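Contents: one structure, followed by commentary.
Derivation of every value follows stated rules applied to the coordinates shown; laboratory data play no part. Owing to the predicted nature of the structure, the values given are computational and were not obtained by experimental measurement. All Cβ positions, glycine included, derive from the backbone under ideal geometry; neighbour counts span all protein chains shown.
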Amino acid sequence: MKVLSIVGARPQFVKAGIVSRELRKKEIKEIFVHTGQHYDFNMSEVFFKELQLPKPDYYLGIGSGLHGEQTGKMLIEIEKVLLKEKPDIVLVYGDTNSTLAGALASAKLHIPVAHVEAGLRSFNKKMPEEINRVLTDHISKFLFAPTEIAVENLKREGITEGVYNVGDVMYDIALESIEKIDEQEVLDKYNLKSKKFILTTIHRAENTDSRENLTNIMEALKEIANQGMKIIFPIHPRTKKAVERYNIDLKAENLLAVEPVSYFEMLVLEKNAKVIITDSGGVQKEGYFFRTPCIIPRNETEWVELIDIGFNTLTGAKKEKITYATLKEFYSHKEIKKYNIYGDGKASRKIVEIIISHENYMDNK
Ligand code: UD1
Ligand code: UDP
């Protein structure tokens, strides 16, 4: 059996990291395609090194661009690879332009698509990710959903065949990786003390493409920092460019803006932060894995179960709401019940087993 995996952006390297290892354990041939959507060292290569991902068999070098341009270039190049490699199945992850391009190119060539992290919905069609996930789900043969809510979302859209609630592959890899890291070393590097700081990441289009939203969020961060709370802010290149474009002043005594950090460092920061302020999907979940609550400067989230249990808080990009919610969490000592929302840490193993059993079924037909 030949599996072809398509990745391109930071969260996909993390997700593919663990699935790819499972494929290798079962000695399944995997062709690894990197679209080049993310290309800076600390947005791409650092993940390959840390997670010991296979060197891409194909690096398409697409880079940044407008949605149509970026997705279109990917389609052209991915199709060429698919025609040459003729895989039995294509694996795509999450909801980026690389996901949609990979799924679309494959489906048109009648190659079965397996979507890891299927069924997520924000119900906001203005988000590019929402368009990518809905379309990908509707052309996938295998839909690996991380939660029961994701399964329900698919059912509502009439998708019931090929749907498997396997749990979340990000949980698998976070559990495994945190064991390998010297946490104190990372805290010392950034001069941080456990549970005495706040972690922030911002990169969503709705926040970076809006001067008003980004200004509000940055004002909230400065307000919180000025009240004596230390904040570490690994800044996504998109956000860095927006901060410069809008001339936003990020200087505040306790606000430490740094380049994007590696995955292992990020896990340590998430685990040891008292509160996280983030609009990232992956970081919301990882916060929960380590029981660190997130304040989300958005109006909706795909990870609604964490809102429903009162763990995470949606504030919108509103300065006062972000500041209030963050300070409230910072000083609270709430007991956090253990809910096993994201599976048992074996999602990647289940995905590979399902793919193998399908192959056996096809062989016997
Ligand atoms: C993309 C995904 C988003 C995901 C995020 C993870 C889409 C539509 N969006 O958003 O779902 O949450 O990745 O981080 O696919 N840039 C660099 N260096 C890089 C990469 C990007 O400087 O290595 C800058 C470029 O100016 C680029 C901008 O960041 O134009 C945005 O990059 P892009 O990949 O288009 O979208 P993200 O915001 O990263
Ligand atoms: N991440 C990282 N370094 C950073 C910021 C994020 O390693 O500086 C990791 C994070 O731990 C998670 C993934 O990147 O595994 C999330 O990616 P991102 O927030 O870019 O995208 P999203 O999950 O919102 O699609």
Subject >> Helix-only CD estimate at 222 nm, as mean residue ellipticity for the chain, using -39500 (n - 2.57) per DSSP H run (n ≥ 4) >> reply: -14500 deg cm²/dmol
Subject >> Exposed chymotrypsin sites (Phe, Trp or Tyr not before Pro) absent - longest run of the chain, DSSP non-H/G/I/E/B, at most 13 other C-beta within 10 Å >> reply: 124-338
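If eta is 0.890 mPa s and T is 25 °C, what Stokes-Einstein diffusion coefficient results for the range 179-330, Kirkwood Rh from Cα pairs, in µm²/s?
Rounded, D is 161 µm²/s.
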**OP:** Under 1.5 on a/c is rounded, so check that first for the range 165-227, then, if it is not, pick prolate when a/b is larger than b/c and oblate when it is not; a ≥ b ≥ c are the square roots of the alpha carbon gyration tensor eigenvalues.
**Re:** oblate
**OP:** For the range 146-159, just list the computed ³J(HN,Hα) in residue order, Karplus coefficients 6.51, -1.76 and 1.60, θ = phi - 60°, integers in Hz, with x standing in for Gly and Pro.
**Re:** x, 9, 5, 4, 5, 4, 5, 4, 5, 4, 4, 9, x, 9
Subject >> 16 Å Cα-Cα reach of Lys193 towards aspartates and glutamates, excluding residues that sit fewer than 8 places from it in its own chain >> reply: Asp182, Glu183, Glu185, Glu265, Glu270
Subject >> For the range 165-236 and the range 255-280, distance of Cα centres in Å >> reply: 3
Subject >> Translational diffusion of the range 1-135, µm² s⁻¹ [Kirkwood Rh, Cα pairs; Stokes-Einstein; 10 °C; 1.306 mPa s] >> reply: 108
**OP:** Count neighbours as other Cβ atoms within 10 Å of each site's Cβ, and list the trypsin sites (Lys or Arg not before Pro) in the range 171-249 that are DSSP loop with at most 15 such neighbours.
**Re:** Lys180, Lys193, Lys195, Lys196
**OP:** For each pair in Lys125/Lys155; Lys55/Lys108; Lys55/Lys189; Lys189/Lys319, compute the distance between the two Cα atoms and list the pairs where it is over 23 Å.
**Re:** Lys55/Lys108; Lys55/Lys189; Lys189/Lys319
Subject >> Per-selection metrics, the chain (Cα): Rg and Dmax in Å >> reply: 20.1, 67
Original post:
Which of the pairs Lys222/Lys274; Lys180/Lys337; Lys141/Lys350; Lys195/Lys271 have their Cα atoms more than 19 Å apart in this structure?
Top reply: Lys180/Lys337
**OP:** Based on alpha-carbon positions alone, could you give the equivalent ellipsoid semi-axes of the range 265-344 from the gyration tensor, as √(5λ), descending, whole Å?
**Re:** 18, 14, 13
Original post:
Straight-line reach from Lys126: which lysines have a Cα under 21 Å away, not including same-chain ones fewer than 8 places off?
Top reply: Lys318
